[in-house]
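Engineer: The structure is given below, and queries will be raised subsequently.
The values are calculated or read from the model by the stated rules, or taken from the named source; none is laboratory data. A quick note: this is a predicted structure, and the numbers were derived from the prediction, not measured. Cβ placement follows ideal geometry from the backbone for every residue including glycine, while neighbour counts extend to all protein chains displayed.
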Amino acid sequence: MAPRLARSIAAAALTCLPVGVAAVLVRTQWDPLISADRAAIAAATDLTRDHPGLRDALIAWQEVFLPWHVYAAAVPVLAWVWSRGLRGRAIWGFITMMVGWNLGLDAKLLVQRARPLLEDPVSSAPGFSFPSGHAFNVAMAATTCVVLMWPLMGSRFARLAVSALAAVLIVVTALDRVYLGVHFPSDVVAGVLLALGLVAASWVGFMHQPNPARSTAPPGPPPETV
């Protein structure tokens, strides 16, 4: 267990490093990042205000992809993987998503970034802004489900199609949060990167089985007899 835990911590530190850097920049109000975030939010929300139909679609997407909806949608995937005999894989997926959900909430409390403040808001949301909960949880659930189903998808086309669908869900959710004006771009990017990093760390630490080292040295001569 100790080597696995060490691998998991190392993978988490490596993959989540950009999120940590972004959190520090947010906390210290690094001007280039803050200015870029504010400019992007202003442009995105201006577009949404000019298109009421777009706003309605964004609000609908927001409601459909609430965190508990997302994880509820992953339950059939867990059940299918379990029924195919990959019970350890299903348990890993469930624990990864539930632990990830809570870590995402903890990250918000740690950074405590205020949400975008607009004179004419398009929408509103409670809580802190960094990282985006919607972006994080959709990325966490979608990525975990792809990993869960990977050995059960028999063709390369199926794997590409499912991976592409997961990517579309993640990207659209990230854009939804920005165009509704409830998250800065850095919030959604951090949410996605944090989720991907945590899934990778969990897999490396608890599921990945490295190939045993094989000696490439040629066999030695037989022992001499006297």
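Engineer: Just to check your reading of the model, which residue among Ala90, Ala60, Ala114, Ala73 is surrounded by fewer than 21 Cβ atoms within 10 Å (Cβ to Cβ), closer than 25 Å to Ala23 by Cβ and among the small types (Gly, Ala, Ser)?
Structural biologist: Being surrounded by fewer than 21 Cβ atoms within 10 Å (Cβ to Cβ), closer than 25 Å to Ala23 by Cβ and among the small types (Gly, Ala, Ser) holds for just one of Ala90, Ala60, Ala114, Ala73, which is Ala114.
Engineer: Kindly indicate which of Ile9, Ile41, Ile34 is more than 30 Å from Val122 (Cα to Cα), among the β-branched types (Val, Ile, Thr) and assigned to a helix (DSSP H, G or I).
Structural biologist: Just a single option satisfies the conditions, and that option is Ile9.
Engineer: Additional query: Take the residues in segment 130-152 that are out of contact with any His (no Cβ under 6 Å at 6 or more places or on another chain) and among the hydroxyl-bearing types (Ser, Thr, Tyr); name whichever of them is nearest to Ala164 (Cα to Cα).
Structural biologist: Thr143
Engineer: Now for a separate question. Every residue in segment 15-39 that is over 22 Å from the mean Cα position of the chain (by Cα) and either of a type in the set (S, T, N, Q) or buried (at least 16 other Cβ atoms within 10 Å of the Cβ) (or both), please.
Structural biologist: Hits for segment 15-39 are Thr28, Gln29, Ser35.
Engineer: Further, regarding this structure: What pairs come up if the first residue lies in segment 87-116 and is closer than 12 Å to Ser129 by Cα and charged (D, E, K, R), the second is assigned to a helix (DSSP H, G or I) and at pLDDT below 95, and their beta carbons are under 8 Å apart, counting only those six or more places apart or on different chains?
Structural biologist: Lys108/Gly133; Arg113/Val26; Arg113/Arg27
Engineer: Among the numbered conditions (1) in contact (Cβ under 8 Å) with a residue 12 or more places away in the chain; (2) among the hydrophobic types (A, V, I, L, M, F, W, C); (3) part of a loop (DSSP other than H, G, I, E, B), tell me where Val146 comes up short.
Structural biologist: Of everything listed in (1) in contact (Cβ under 8 Å) with a residue 12 or more places away in the chain; (2) among the hydrophobic types (A, V, I, L, M, F, W, C); (3) part of a loop (DSSP other than H, G, I, E, B), Val146 misses just condition (3).
Residue by residue, here is whether (1) in a helix (DSSP H, G or I); (2) surrounded by fewer than 19 Cβ atoms within 10 Å (Cβ to Cβ); (3) modelled with pLDDT of 95 or more holds:
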{"position": "Ala167", "(1), (2), (3)": "yes, yes, yes"}
{"position": "Thr173", "(1), (2), (3)": "yes, no, yes"}
{"position": "Asp176", "(1), (2), (3)": "yes, no, yes"}
{"position": "Leu193", "(1), (2), (3)": "yes, no, no"}
{"position": "Ser202", "(1), (2), (3)": "yes, no, no"}
{"position": "Pro210", "(1), (2), (3)": "no, yes, no"}
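Engineer: Mind checking which residues of segment 98-119 are under 19 Å from the mean Cα position of the chain (by Cα) and over 20 Å from Val26 (Cβ atoms)?
Structural biologist: Within segment 98-119, Met98, Val99, Gly100, Trp101, Asn102 qualify.
Engineer: Output the residues belonging to segment 130-143 that are touching a Gly at 6+ places or on another chain (Cβ under 7 Å) and part of a loop (DSSP other than H, G, I, E, B).
Structural biologist: Pro131, Ser132
Engineer: Looking at (1) in a helix (DSSP H, G or I); (2) closer than 23 Å to Leu194 by Cα, which one does Gln29 not meet, given that it meets all the others?
Structural biologist: The single condition Gln29 does not satisfy is (1).
Engineer: Can you name the number of the only condition in (1) touching a helix residue (DSSP H, G or I) at 6+ places or on another chain (Cβ under 7 Å); (2) assigned to a loop (DSSP other than H, G, I, E, B); (3) in contact (Cβ under 8 Å) with a residue 24 or more places away in the chain; (4) under 20 Å from Val26 (Cβ atoms) that Val122 fails?
Structural biologist: If we test Val122 against (1) touching a helix residue (DSSP H, G or I) at 6+ places or on another chain (Cβ under 7 Å); (2) assigned to a loop (DSSP other than H, G, I, E, B); (3) in contact (Cβ under 8 Å) with a residue 24 or more places away in the chain; (4) under 20 Å from Val26 (Cβ atoms), just (4) comes out false.
Engineer: Select, from Gly127, Gly154, the only residue that is free of Cβ contacts under 8 Å to residues at least 24 places away in the same chain, in a loop (DSSP other than H, G, I, E, B) and farther than 24 Å from Ile34 by Cβ.
Structural biologist: One residue alone meets the criteria, Gly154.
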